[in-house]
Amino acid sequence: LSFPLASDEGGDVIERYGCWAEKAMYGRKYMGTERTTFLIDAKGKIAQVWRKVSVAGHAAEVLRAAAALG
């Protein structure tokens, strides 16, 4: 990749961005990471947020939004 990746080993970023949420599977509730995408503009500001992301078509939607930023 042509950019660095970050790790959130302590969970600080997940907490700050509001992505640590109650989830449920097979009737069991637990805390986990909510699948969320943040589009950050060239100035470092959040331009758009997608919460509870479904995989199908999502990458194309994010690419369109990124291209619209100019």
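Which of the residues belonging to the stretch 2-31 are at positive phi and not aromatic (Phe, Trp, Tyr)?
Listed by number, the residues that qualify are Gly11, Gly18, Gly27.
If I filter the stretch 4-22 for residues that are in contact with a His (Cβ under 9 Å, 6 or more places away or on another chain) and of a type in the set (S, T, N, Q), do I get at least one hit?
no
Residue by residue, here is whether (1) among the β-branched types (Val, Ile, Thr); (2) exposed (fewer than 13 other Cβ atoms within 10 Å of the Cβ); (3) touching a Phe, Trp or Tyr at 6+ places or on another chain (Cβ under 9 Å) holds:
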{"position": "Phe3", "(1), (2), (3)": "no, yes, no"}
{"position": "Gly32", "(1), (2), (3)": "no, no, yes"}
{"position": "Phe38", "(1), (2), (3)": "no, no, yes"}
{"position": "Ile46", "(1), (2), (3)": "yes, yes, yes"}
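Only the coordinates and a few stated rules stand behind these numbers; no lab work does. Since the structure is predicted, the reported quantities are computational estimates derived from the model, not experimental observations. Because the Cβ atoms are built from the backbone with ideal geometry, glycine has one as well, and the counts that use them run over all protein chains shown.
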